Amino acid sequence: MIITVTPNPAWDVTYEVPALVPGEVHRVTRAHRRLGGKGVNVARVLAALGQDAVAILPGPGGLAAEAGPGPAGTGTLALDVVPGLPAIRQTLVVHDGDGTTTSLWEPGAEPGPGTEAALTGRVRARLGEARGAVISGSLPPLLGPRTHARLAALALDAGVPAVVDTSGEALARAATVPGVVLAPNASELAQLSGASCDGLRDAVAAARALLPAGPRAVVATLGEDGLVAVTGDGSWHGRLARPLAGNPTGAGDAAAAALIAGLAGARTWPGIVRDAAALSAAAVLSPVAGEADPADFARLRADVTIRKVA
């Protein structure tokens, strides 16, 4: 079983429209609404691909019932809701006909007293049966920036591999945890390292500079350029021959799902990179975040090129 932690969950709402024109009235051709947030999205992708996943998150009473059943797949998805957040924010993604996405993200509600301690306790209780942990997404107000780092350290101390996907100060704190795997995008990596990440060479250099502080690996997603994993034993770049048109909103979450599945299965880094590149590309083909078709994943995996980066 793999656990994911989402400190700031959201109702993910996606509107599909023929074209988005500022100042105009739009008729939505299709709408999607479901519980999300980065860690929930990771868990949903894992379950669809046959992994058993538990998504731990703070929320109001009745949230699990309101969210409904997990995705169809050979794995299972369970929601483990820790009381604490009085309400769940909403994230709105508008996806138009030419493949452009526009996102509007609400801030999270203020959690009640003791929420962070309760979340930590629930993670600790689950680690005995966990094969991997992903701590991802933003933080609601009043939860400290050390939250991701503390939870990752808790997992690693229990012998469970941990991936952190966040940004800003929370990412900087997590980057000091020995053994953690960081999963930033190019802009998050640039902010963290203070260096330009305009291309593969820059991203590799920026990621390598972070390794002495403690990370086991830095896996940077680079958009149409695929992704690169930088470790103490080498660096590997994976990408498709041609970029795909679609909705990139959940691509990073799908990459994190592939990372933790590979780490939990003790796979080699080239294999992990291949899976992460293919699964993130499969997510682009889905109209909503937190979804990847296993058939697309299998097909795209054969199209990923892997090379070792000097």
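The values are calculated or read from the model by the stated rules, or taken from the named source; none is laboratory data. On a predicted model such as this, the values are computed, not experimentally measured, just so you know. Reconstructed Cβ throughout: ideal geometry from the backbone, glycine too, with neighbour counts over all protein chains shown. These area figures cover heavy atoms from the full protein model, side chains too; ligands, DNA and RNA do not enter into them. Shrake-Rupley method; radii C 1.70, N 1.55, O 1.52, S 1.80 Å.
Ligands, DNA and RNA left out, the accessible area of the chain computed with a 1.4 Å probe is 52% carbon and sulfur. Our summary gives segment 61-220 a relative contact order of 14 percent, counting only alpha carbon pairs under 8 angstrom and 6 or more residues apart. What does the C-alpha gyration tensor say about the overall shape of segment 1-71? Classify as rounded when a/c is under 1.5, otherwise prolate if a/b is larger than b/c, or oblate. Cα axes put segment 1-71 in the prolate bin. Using bins of 5 Å that start at zero, the share of Cα-Cα pairs per bin across segment 251-310 amounts to 4, 22, 28, 25, 15, 4, 1, 0, in whole %. Of all beta bridges that DSSP places with both ends in the chain, some 45 percent have antiparallel geometry.
On full extension, the segment bounded by THR76 and LEU92 gains 3.1 nm, given 0.36 nm per residue less the C-alpha separation. For THR221, the shell of other residues with beta-carbons less than 13 Å away shows a net charge of -3, using +1 for Lys and Arg and -1 for Asp and Glu. Using Rg/Rh (Cα atoms, Kirkwood Rh) as the read-out, say which of (i) 1.22; (ii) 1.09; (iii) 0.95 was calculated from these coordinates. For Rg/Rh (Cα atoms, Kirkwood Rh), the calculated option is (iii). Taken along the Cα-to-beta-carbon direction at a fixed 7 Å, the label points for ASP202 and SER187 span 1.4 nm. Rounded to 0.05, the FRET efficiency of the ALA31 and ARG299 pair, given R0 = 22 Å and the Cβ-Cβ distance, is 0.20. Go ahead and run the numbers for FRET between ALA209 and ALA158, Cβ-Cβ distance against an R0 of 35 Å, rounding to 0.05. Efficiency, from the Cβ-Cβ distance: 0.75. Subtracting the Cα-Cα distance of GLU224 and MET1 from 0.36 nm times their residue separation leaves 77.2 nm of extension gain. Accessible area of HIS26 (1.4 Å probe, protein heavy atoms only, ligands and nucleic acids ignored): about 60 Å². Loop-resident trypsin sites (Lys or Arg not before Pro) (DSSP state other than H, G, I, E or B) in segment 1-95 with no more than 14 further Cβ atoms inside 10 Å of their Cβ: ARG27.
Pairs of Cα atoms nearer than 8 Å and 6+ residues apart set the relative contact order; for the chain it is 16 percent.
With protein chains left intact and a 1.4 Å probe, residues in the chain average 42 Å² of accessible area per residue. Considering only DSSP beta bridges with both partners in segment 33-174, what is the antiparallel share in %, to the nearest 5? That works out to approximately 30 percent antiparallel. At an R0 of 22 angstrom, the distance between the Cβ atoms of VAL21 and THR101 translates into a FRET efficiency of 0.90.
Taking every protein chain into account, the 1.4 Å probe leaves GLU66 with about 110 Å² of accessible area, to the nearest ten.
Taking the chain as a Gaussian network, Cα atoms linked when under 10 Å apart, which of VAL81, VAL180, VAL219 shows the biggest mean-square fluctuation? Largest GNM mean-square fluctuation: VAL81.
Which value, in Å to one decimal place, does the Kirkwood hydrodynamic radius take for segment 37-155 when every pair of different Cα atoms is included?
So the Kirkwood estimate lands at 15.5 Å.
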